[in-house]
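Enquirer: Right, I'll just put the structure down here and ask away after.
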Amino acid sequence: MRRLTKTFLTGVLVAMSVLFASNNVSYAQKPSGENEAQRAKVASYIEKGDTEGAQKLMQEFESKSPENNHSLQPFNFHIFFEEIKACGFYPQETRLECMIEIKQPFGYAGGVGTAGSIENVLFCVDWNGNGSYDSSESVGEGSVAMHDDSANSKPGWQYAVYRDFDPRGGVRTSLNNPNIATTTTNGPTRNARAILSWFVEPTDCNYKPFWGNVVNFRIRFDPIR
């Protein structure tokens, strides 16, 4: 019995290790030397104010990427520099918000006091609940300026990016009390998506960022009292 139990547990651990490994296939935690060199090239163009040159480089890198296909999954997002860690919905302001982790002290096109670069986040809501997104389901973009900090020996900063939006169909509000706004809703649940892309703004809800990642999450339109 003990041998059987030990064999069973070993099998479970092996299966779990395979599962966790497969779940991490779509994310590049550590860039290759080439990827880090690519980032440095783009950042240097941005720092010099040559955004056109930076955009051309990005187009070149994206066109040569083996993951440049027509599907979001699987896709080898590069999250060595930045990554969306979590997203949520704030019903009182009808606001979608995500937390971005900045992981490195370099690669953001200049230190504090310079223009730096931009972390862009596009927010989308699957209004019809069909599990896919079209161009009309974007609810807007949020962004935050980012900078290098090579003097800091312990990189790792968290930034919040948000977007307020008007729900499809409008918000039904009652102002019986002039000091209190209430909404009437049956609390429908919707799927939402956030797309983080460094420097390049996402073009639609199915955009695949070269640097950044995509997070899908669920929201509920709770009534406000």
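Enquirer: Considering (1) under 29 Å from A115 (Cα atoms); (2) of a type in the set (A, V, I, L, M); (3) modelled with pLDDT under 95, say which one L96 fails and leave the rest.
Expert: Condition not satisfied by L96: (3).
Enquirer: Go through (1) modelled with pLDDT of 95 or more; (2) surrounded by fewer than 16 Cβ atoms within 10 Å (Cβ to Cβ) and name the single condition C87 misses.
Expert: C87 satisfies every listed condition except (2).
Enquirer: Something else: Please identify the pairs in which a residue from the stretch 146-162 that is on the phi > 0 side of the Ramachandran plot has its Cβ atom under 9 Å from the Cβ atom of a residue that is part of a strand (DSSP E or B) and among the charged types (D, E, K, R), counting only partners at least 6 apart or on another chain.
Expert: That search, which allows pairs on different chains as well, returns G156/E101.
Enquirer: Same structure again: Determine whether the stretch 119-136 contains at least one residue that is in contact (Cβ under 8 Å) with a residue 24 or more places away in the chain, within 23 Å of S44 (Cβ to Cβ) and assigned to a strand (DSSP E or B).
Expert: Checked the stretch 119-136: at least one residue is in contact (Cβ under 8 Å) with a residue 24 or more places away in the chain, within 23 Å of S44 (Cβ to Cβ) and assigned to a strand (DSSP E or B).
Enquirer: Let me ask something additional. Restricting attention to the stretch 96-112, which residues are within 15 Å of the chain's Cα centre (by Cα) and surrounded by fewer than 20 Cβ atoms within 10 Å (Cβ to Cβ)?
Expert: E97, M99, E101, K103
Enquirer: Could you check A115 against (1) of a type in the set (G, A, S); (2) more than 17 Å from P188 (Cβ to Cβ); (3) under 16 Å from the mean Cα position of the chain (by Cα) and say which number it fails?
Expert: Result: A115 fails condition (3) only.
The values are calculated or read from the model by the stated rules, or taken from the named source; none is laboratory data. Quantities reported herein were computed from a predicted structural model and do not represent experimental measurements. No Cβ is skipped: glycine too gets one built from the backbone with ideal geometry, and neighbour counts run over all protein chains shown.
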